[in-house]
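The block underneath contains the structure these notes are about, expressed in structure tokens.
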């Protein structure tokens, strides 16, 4: 990254807003050669000081952190680094939280002393609402940061959280001015007032001029981003963009119901474009996971293209976000929208008992693995409805106080929670129908496999030269068929699993017979199996999609990549069903396998979050980020569900 002399940067910034934006794109000017950038990392203690910011005041910070944990059972982690390695603070913090395995009663405050930016991250279920978190930042943290009192900011944060949790007034910190940018070389003074800076730059990036003019440092010595870091960044962007697109799709649905399709059309178009970009990015990620390409230079190009595609998707959503907010105008429409959400809440809540009954009936009639994907859905739906209740109550209280601005976020959270509850209950009904269809279609697959088995036996009897090639497949198909019939007779079974087991044996037999079968017979056999194969694929994909959508805070990029590839191959199967049923059958089976893998990976991620103290089911309860890309979600203090945290970007702080 090129470094710019302080005086030149100041002149450009004062001369034109375009110069300000250009300087910000390069980052704040440095007082000397750029220090080593700190990428996200797993924190091992409550205090991590990589820049010497505390300067002997570590014990005072530790005492404040201990007071908070002793009084309120909340642990605050504070991290001081030179900068956030070129990443947005929210992105840096989200990855650090993930690597550290932080839970619901743990907070992260990350401070970049060199670029004068900081970030606070908390779990969606943290006891304090966003308004209180912002007040603690304004009263107890930022006054110390503005005076370079790095230790005072941590003490102020700890004491502020403790006071707010106890219902006391947030205390103002005793500020001890310190050195700007420890170990960074030279003091720093603010060049522009915060209002002008905020108007020129999104996300609160602040520019400051160096106190002494220095020669330009030239290109950064660090060189290109290390490949593992680029890989991690691309994966994180995939998750964040996927969540942003999904959240925007949800918001467009709300807007369409409220204002009609024509009013929602421009935003639906933006979501469609973003989804296209994201689909390509996931396809590229799948190529990398398949080890294509293998050399580092080619992998770097693919990863950079993933980053570019995600950025394009986010930019299109961000460009429409303000117009979307003007359309919905939740503050002005709060009473009407609140009433509609409450009505939807009552309708969805009425279906919880039926969902539990349906799960219980499936449990009696089918094997446990067949029901496992939706067994917890009624309980999860009830949890989301309870969350909606709390947010609706908060919104009503805010409206009663004449504070529609405080009511709007609560309405949005309730709206999202009710929508997810409805989706969870719909998944139970869909799974029941899919299992019934699979059970009904299993007989046709058994009969077709029996025909192929008879044809193979006849061929072996007529021509002994086929004995060596066909005998193993005949034996396996016969064994699987006997087992499936025995399972059906004994019951209960998982009809989808039985179909997959039978299909594998049938495919091997088909492959062995392909050399002697005519094209027409191969197409006939594939067509018989295709409907059932597509049904299985759709079921596996839908189960994985629902798991990721309703617990997205816990699910990483690998599960999402497999799901995207499964959907692509299912689309290919549907397109080939008429002209080439043999290829369509192969694509459908691949889609089912990838969908199953996506679900397994997502379940593993959810379990991992639960072990870290973060209930996987809560992953997106607070993630109703509204319409927009990742940058919009950061700017408005909305969470990145990817890290299962509420993230509040306080941007820069000025002295």
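Among the conditions (1) touching a helix residue (DSSP H, G or I) at 6+ places or on another chain (Cβ under 8 Å); (2) farther than 22 Å from residue 231 by Cβ; (3) in a helix (DSSP H, G or I); (4) at pLDDT 70 or above, the only one that residue 628 does not satisfy is (3).
A count restricted to region 398-428 and to residues that are closer than 30 Å to residue 373 by Cβ and without any contact (Cβ under 8 Å) to a residue 40 or more places away in the chain stands at 1.
Report whether or not residue 526 is at pLDDT below 80 and touching a helix residue (DSSP H, G or I) at 6+ places or on another chain (Cβ under 9 Å). When the stated conditions are applied, residue 526 does not pass them.
When residues in region 343-383 are screened for being more than 27 Å from the chain's Cα centre (by Cα) and within 30 Å of residue 259 (Cβ to Cβ), 5 of them pass.
Comparison of 74, 97, 155 shows that the only residue that is surrounded by 17 or more Cβ atoms within 10 Å (Cβ to Cβ), under 16 Å from residue 44 (Cα atoms), in contact (Cβ under 8 Å) with a residue 60 or more places away in the chain and touching a helix residue (DSSP H, G or I) at 6+ places or on another chain (Cβ under 6 Å) is 97.
Scan region 243-255 and give yes if some residue there is assigned to a helix (DSSP H, G or I), surrounded by fewer than 17 Cβ atoms within 10 Å (Cβ to Cβ) and over 18 Å from the mean Cα position of the chain (by Cα), otherwise no. Spell out the reasoning first.
Taking region 243-255 first, the residues assigned to a helix (DSSP H, G or I) are 243-255.
Checking which are surrounded by fewer than 17 Cβ atoms within 10 Å (Cβ to Cβ) leaves us with 253.
Imposing the further condition that a residue be over 18 Å from the mean Cα position of the chain (by Cα) reduces the set to 253.
Checked region 243-255: at least one residue is assigned to a helix (DSSP H, G or I), surrounded by fewer than 17 Cβ atoms within 10 Å (Cβ to Cβ) and over 18 Å from the mean Cα position of the chain (by Cα).
Condition first: surrounded by fewer than 17 Cβ atoms within 10 Å (Cβ to Cβ) and either in a loop (DSSP other than H, G, I, E, B) or touching a residue at least 12 places away in the same chain (Cβ under 8 Å) (or both). Now tell me which residues in region 49-61 satisfy that. Before you say what the answer is, go through the steps one by one.
Looking only at region 49-61, we keep the residues that are surrounded by fewer than 17 Cβ atoms within 10 Å (Cβ to Cβ), and these are 50, 52, 55-56, 58-60.
Residues satisfying the conditions are 50, 52, 55, 56, 58, 60.
Can you name the residue in region 158-170 that is at negative phi and surrounded by fewer than 14 Cβ atoms within 10 Å (Cβ to Cβ) and is also modelled with the lowest pLDDT among such residues? Even if it seems obvious, please write down each step before you answer.
The initial filter retains those residues of region 158-170 that are at negative phi, namely 158-166, 168-170.
When the remaining residues are screened for being surrounded by fewer than 14 Cβ atoms within 10 Å (Cβ to Cβ), the result is 166, 168-169.
Numbers: 166: 85, 168: 88, 169: 88.
In this case the residue turns out to be 166.
The single condition among (1) touching a residue at least 40 places away in the same chain (Cβ under 8 Å); (2) within 27 Å of the chain's Cα centre (by Cα); (3) farther than 24 Å from residue 329 by Cβ that residue 395 does not satisfy is (3).
Can you find a residue in region 281-288 that is free of Cβ contacts under 8 Å to residues at least 12 places away in the same chain and outside any loop (DSSP other than H, G, I, E, B)?
The first filter runs over region 281-288 and keeps only residues free of Cβ contacts under 8 Å to residues at least 12 places away in the same chain, leaving none.
Checked against the condition, which is being free of Cβ contacts under 8 Å to residues at least 12 places away in the same chain and outside any loop (DSSP other than H, G, I, E, B), region 281-288 yields no hits at all.
The set of residues in region 256-283 that are surrounded by 19 or more Cβ atoms within 10 Å (Cβ to Cβ) and over 18 Å from residue 630 (Cα atoms) contains only 264. Does residue 515 fit the bill of being modelled with pLDDT under 90 and surrounded by fewer than 17 Cβ atoms within 10 Å (Cβ to Cβ)? Yes, satisfied.
Quick one: which of 337, 348 is under 17 Å from residue 418 (Cα atoms), modelled with pLDDT under 95 and either out of contact with any strand residue (DSSP E or B) (no Cβ under 6 Å at 6 or more places or on another chain) or surrounded by fewer than 19 Cβ atoms within 10 Å (Cβ to Cβ) (or both)? It would help to see each step written out before you state the result.
Details: 348 fails: modelled with pLDDT under 95.
Answer to the check: 337.
From the list 445, 418, 428, 484, exactly one residue is modelled with pLDDT of 85 or more, assigned by TED's automatic domain parsing to the domain that holds residue 536 and surrounded by 16 or more Cβ atoms within 10 Å (Cβ to Cβ). Which is it? Lay out the reasoning, then the answer.
On the way: 445 fails: modelled with pLDDT of 85 or more; 418 fails: assigned by TED's automatic domain parsing to the domain that holds residue 536; 428 fails: assigned by TED's automatic domain parsing to the domain that holds residue 536.
Going through 445, 418, 428, 484 in turn, just one is modelled with pLDDT of 85 or more, assigned by TED's automatic domain parsing to the domain that holds residue 536 and surrounded by 16 or more Cβ atoms within 10 Å (Cβ to Cβ): 484.
The values are calculated or read from the model by the stated rules, or taken from the named source; none is laboratory data. Keep in mind it's a predicted model, so treat the numbers as computed, not measured. Heads up, the Cβs are rebuilt from the backbone with ideal geometry, glycines too, and the neighbour counts pull from every protein chain shown.
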